[in-house]
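Accompanying notes for the structure given below.
Every number in this text was worked out from the coordinates using simple rules, so none of it is lab data. Nothing here was measured: the structure is a model prediction, and the numbers come from that model. Cβ placement follows ideal geometry from the backbone for every residue including glycine, while neighbour counts extend to all protein chains displayed.
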Amino acid sequence: MAKDPVRVLVTGAAGQIGYALVPMIARGIMLGPDQPVILHMLDIPPAAEALNGVRMELIDAAFPLLKGVVATTDVVEACTGVNIAVMVGGFPRKEGMERKDVMSKNVSIYKSQASALENYAAANCKVLVVANPANTNALILKEFAPSIPEKNITCLTRLDHNRALGQISERLNVQVSDVKNVIIWGNHSSSQYPDVNHATVKTPAGEKPVRELVKDDAWLNGGFITTVQQRGAAIIKARKLSSALSAASSACDHIRDWVLGTPEGTWVSMGVYSDGSYNVPAGLIYSFPVTCSGGEWKIVQGLPIDELSRKKMDLTAEELSEEKALAYSCLS
Ligand SMILES: NC(=O)C1=CN([C@@H]2O[C@H](COP(=O)(O)OP(=O)(O)OC[C@H]3O[C@@H](n4cnc5c(N)ncnc54)[C@H](O)[C@@H]3O)[C@@H](O)[C@H]2O)C=CC1
Ligand SMILES: O=C([O-])CC(=O)C(=O)O
């Protein structure tokens with residue numbers, strides 16, 4: 001029997017990530033090739049005409065899984081009945097800016113959209129915040145939508161996770177699909193800690209630790225980390241626009257794994273509400289290694305943390321606490 005359509009909201013749908021993301025969703029990349037979808041697209045009035053253009057192209061593409069399109073500048077109409085909300089709407093960073101520089105514009109958007117989601121989304125709606133500062137926007141959304149369970153509100157660090165996989169794959173000249181279990185700890189910012197201490201590569205002789213294969217701790221503790229931390233800025237420098245196709249693809253990965261589950265023995269990185277695991281302060285949206293099953297994520301527990309990792313994990317937590325304080329000062 002055909003499945004009922006899932007309603008997926010994309011905010012900022014007339015923007016560049018939106019333009020890459022909506023066809024992926026309509027093609028089944030996010031929720032699977034047998035899952036019909038109804039797309040809800042929100043943007044602001046100055047982008048209404050462009051948004052309508054995206055709606056027209058979605059119709060022209062004749063996606064078999066796409067059962068309907070709502071394209072609107074009305075936040076209530078956009079949020080009504082949605083099962084999944086991908087929050088991309090906001091103002092992107094330009095060259096020379098840090099992600100927290102876009103803070104004041106974006107946190108106020110997330111405060112107001114929190115109540116629309118709380119009041120009009122389907123029960124158990126899963127929320128992914130992409131717009132920067134992603135962790136702090138997600139935290140503001142959580143705090144101003146108190147009736148949405150905190151486990152349903154997440155932010156995107158899967159792009160950083162995928163960037164880390166990509167760097168290891170390039171370095172070792174192996175397929176990216178054979179590399180797994182890197183971890184992005186903390187903030188989706190240049191303070192994030194990309195950790196390879198538990199990462200492995202599938203080889204003809206079985207799974208081997210990344211460190212053992214790379215044999216270059218100076219690179220793994222130095223250049224590798226800064227490359228992943230700075231990759232967003234490098235893309236902005238090259239394209240004069242921030243990452244879009246990789247962000248859209250990673251957003252699909254995030255939701256797909258959350259809804260359909262992670263493969264046995266594999267974890268992924270997600271920004272989730274900290275419960276104090278790994279001595280990360282509770283009350284922050286912090287990126288952890290998680291496994292997903294039955295539509296729920298769970299933080300991977302019990303990984304040994306060395307001294308260098310501890311310092312880097314604490315540093316990015318401190319930045320998130322500062323961002324939280326700054327966000328509240330922007331809102332008051
Ligand atoms: N977490 C991550 O890994 C990544 C996050 N980002 C962030 O994603 C966001 C979107 O990036 P782009 O698509 O490149 O930007 P963009 O500027 O091309 O698109 C953003 C869209 O949001 C719309 N918008 C603005 N205010 C809105 C509101 N209140 N409600 C609904 N829509 C609104 C704009 O009109 C625009 O169409 C930025 O904040 C960017 O920094 C980008 C790449 C990766
Ligand atoms: O760097 C930016 O501003 C966009 C972004 O979040 C990324 O590419 O990781």
Using a Förster distance of 35 Å, how high is the FRET efficiency between residue 325 and residue 77, based on the Cβ-Cβ distance and rounded to 0.05?
0.55
Segment 77-84 - phi-based ³J(HN,Hα) in whole Hz, Karplus 6.51/-1.76/1.60, Gly and Pro as x
4, 5, 8, 5, x, 6, 8, 9
Show me 53-60, 244-251, 221-228 ranked by packing, highest mean number of other Cβ atoms within 10 Å first.
244-251, 221-228, 53-60
per DSSP, antiparallel bridges as share of beta bridges in the chain, % nearest 5, sits at 50 percent
Alpha carbon centre of segment 258-287 versus segment 1-80: separation in Å?
27 Å
So which residue, out of 135, 279, 106, gets the largest mean-square fluctuation from a GNM of the chain using Cα contacts under 10 Å as springs?
279
Report the gain in length on full extension from residue 208 to residue 56: 0.36 nm times residue separation, minus Cα-Cα distance, nm rounded to one decimal.
49.8 nm
Hey, with R₀ at 22 Å, roughly what FRET efficiency would residue 94 and residue 49 work out to, going by the Cβ-Cβ distance, to 0.05?
0.40
With springs only between Cα atoms under 10 Å, which of 232, 18, 283 fluctuates most in a Gaussian network model of the chain?
283
P(r) tail fraction, segment 157-328 - alpha-carbon pairs more than 23 Å apart, %:
39 percent
Per 5 Å bin from zero, what fraction in whole % of the C-alpha pairs of segment 6-155 is there, up to the bin with the longest pair?
2, 11, 20, 23, 21, 14, 7, 2, 0
Residue 218 to residue 178: FRET efficiency via 1/(1 + (r/R0)^6), r the Cβ-Cβ distance, R0 22 Å, to the nearest 0.05?
0.40
Residue with peak Gaussian network fluctuation, the chain [Cα springs, cutoff 10 Å], from 12, 81, 265:
265
Beyond 22 Å, what percent of the Cα pairs of segment 39-124 remain?
37 percent
Please give the calculated 222 nm ellipticity per residue for the chain, where each DSSP H segment of at least 4 residues contributes -39500 (n - 2.57) and the sum is spread over every residue; nearest 500 deg cm²/dmol?
-13000 deg cm²/dmol
Work out the P(r) tail for the chain: percent of alpha carbon pairs separated by more than 34 Å, whole number.
20 percent
Note on segment 78-132: the mean projected area of its alpha-carbon convex hull, in nm², is 3.7 nm²
Taking segment 168-294 and dividing mean pair separation by its residue count, relative contact order in percent (alpha carbons under 8 Å, at least six apart):
24 percent
Could you give me the ³J(HN,Hα) list for segment 111-118, computed from phi with Karplus coefficients 6.51, -1.76, 1.60 and θ = phi - 60°, whole Hz, x at Gly and Pro?
5, 6, 6, 4, 5, 5, 5, 4
Test of understanding: express the Cα radius of gyration of segment 208-305 as a ratio to 2.2 N^0.38 Å, with N the residue count.
1.27
